[in-house]
1. Looking at the range 174-181, can you tell me whether even one residue there is modelled with pLDDT under 95 and within 16 Å of ligand 2 (Cβ to nearest atom)?
2. Among the residues of the range 137-150, which ones are farther than 11 Å from residue 116 by Cβ and in contact with a helix residue (DSSP H, G or I) (Cβ under 8 Å, 6 or more places away or on another chain)?
3. Starting from residues that are surrounded by fewer than 11 Cβ atoms within 10 Å (Cβ to Cβ) and not in a strand (DSSP E or B), keep the ones in the range 35-61 and report whichever is modelled with the lowest pLDDT.
4. Quick check: anything in the range 3-22 buried (at least 16 other Cβ atoms within 10 Å of the Cβ), at pLDDT 90 or above, within 15 Å of ligand 1 (Cβ to nearest atom) and not in a loop (DSSP other than H, G, I, E, B)?
5. Please go through the range 91-113 and give me each residue that is within 15 Å of residue 187 (Cβ to Cβ) and touching a helix residue (DSSP H, G or I) at 6+ places or on another chain (Cβ under 8 Å), ordered by number.
6. Quick one: which residue in 105, 81, 101 is at pLDDT 90 or above and more than 7 Å from ligand 1 (Cβ to nearest atom)?
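The values are calculated or read from the model by the stated rules, or taken from the named source; none is laboratory data. Quick caveat, the model's predicted, so the values are computed rather than measured. Methodologically, a virtual Cβ is constructed for each residue, glycine included, from the backbone with ideal geometry; neighbour enumeration extends over all protein chains shown.
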Ligand SMILES: Nc1nc2c(ncn2[C@@H]2O[C@H](COP(=O)(O)OP(=O)(O)OP(=O)(O)O)[C@@H](O)[C@H]2O)c(=O)[nH]1
Ligand SMILES: [Mg+2]
């Protein structure tokens, strides 16, 4: 486990009035740890462990060549989105065996960002199914890898059977600006659902 040392960036500006808890979820190796790491203004907390060969029978490593570690509990990071709003990000593994962890992590969460990979779109259904069971609203961000096929967003929306109101966008989990854009879309969606003014 790797956690943040105290530093100036660890302190929130006095103007912050609202703290929102969000989950960052998605199937194995979709880029959750990368996403939280790219965004967090504090050194992210990670729980990475080296993958063993035995694990290849449990988690399909297809499309994740060169990946040596996996998250065994959660990722945690913080983003101050504007002067008054801070987001706490909890990255959670998407496999069914982590359902119990999800039940704890979703307590107090306002919504979730689902990272998806169009090379392995079918694997997102399990994650979206869990969110729907837990009645947590979500947005979907397509994390684009070098060999990602160029599907249109409408095609992907249809394939994932998303509601027309569910935000769907592309992102690069390694890029702070791109990742921030997806969180703004999610927060805007959540505010619209609660009837708050959309000012994220
Ligand atoms: N090319 C490219 N590589 C990426 C991108 N996002 C993540 N990666 C790489 O993909 C691999 C998997 O990323 P992780 O962030 O570990 O994925 P994860 O979802 O946290 O994985 P688990 O916790 O094991 O489920 C890493 O080697 C990343 O460097 C991306 O947008 N583009
Ligand atoms: Mg991870």
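1. The answer is no; no qualifying residue exists.
2. Passing the criteria: 137, 145, 147, 149.
3. 57
4. no
5. Of everything in the range 91-113, those that are within 15 Å of residue 187 (Cβ to Cβ) and touching a helix residue (DSSP H, G or I) at 6+ places or on another chain (Cβ under 8 Å) turn out to be 110, 111, 112, 113.
6. Numbers: 81 fails: at pLDDT 90 or above; 101 fails: at pLDDT 90 or above.
It is 105.
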